[in-house]
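Inspection log for the structure reproduced underneath, given as structure tokens.
Computed from the coordinates by the stated procedures, all read-outs in this text should not be read as laboratory data. The shown structure was predicted, so the numbers you read here are calculated from the model rather than taken from an experiment.
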Amino acid sequence: MPLAFIRDLFSAAAPPRRHEPHELHVAAGALLIEAALLDGHFDERERAAIARLLRDKFDLSAEEVADLIAATEQKVGESTQLFEFTRVIGRHFAEEERIHLIEMLCEVMYADGTLHDFEAGMLRHLGQLLYVTDRARGEARKRVLARLGQAG
């Protein structure tokens with residue numbers, strides 16, 4: 001009997017748990033806030049960029065964005081790793097959405113006008129965790145720089 005139980009345990013692959021839209025928003029917001037915090041300064045330009053990006057990406061009201069950022073900041077403060085956020089995004093965002101998230105991250109990282117070494121490293125690491133190729137990540141970065149009117 002125990003052998004049958006073990007066989008059934010491994011053969012019955014449980015489908016991944018569906019995430020509520022709010023969980024997806026928090027996961028994306030957490031990565032954006034982590035990106036903003038990486039250089040040691042989370043200033044108003046970065047906060048405004050995050051609010052705008054979340055509002056536009058998820059079609060949220062100003063109040064919903066404020067609530068989301070507050071919840072996300074709390075979640076980031078409680079978290080010890082990025083994997084919990086990237087796992088949610090990797091499972092539930094299509095490839096083009098993950099690439100768009102990389103663009104969002106670039107916008108936050110360039111909000112202060114400079115991409116710091118730690119930010120560039122985080123961008124590479126997140127690209128890997130989100131299954132975004134180096135090429136797609138580089139193209140996303142170039143699109144952001146073009147929108148911001150900066151040279152690459």
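Each helix, a run of at least 4 DSSP H residues, gives -39500 (n - 2.57); summed and divided by the residues of the chain, these come to -24000 deg cm²/dmol at 222 nm. Based on C-alpha pairs under 8 angstrom that are at least 6 apart in sequence, segment 20-148 has a relative contact order of 34 percent.
Per residue, the convex hull around the alpha carbon atoms of the chain comes to 138 Å³.
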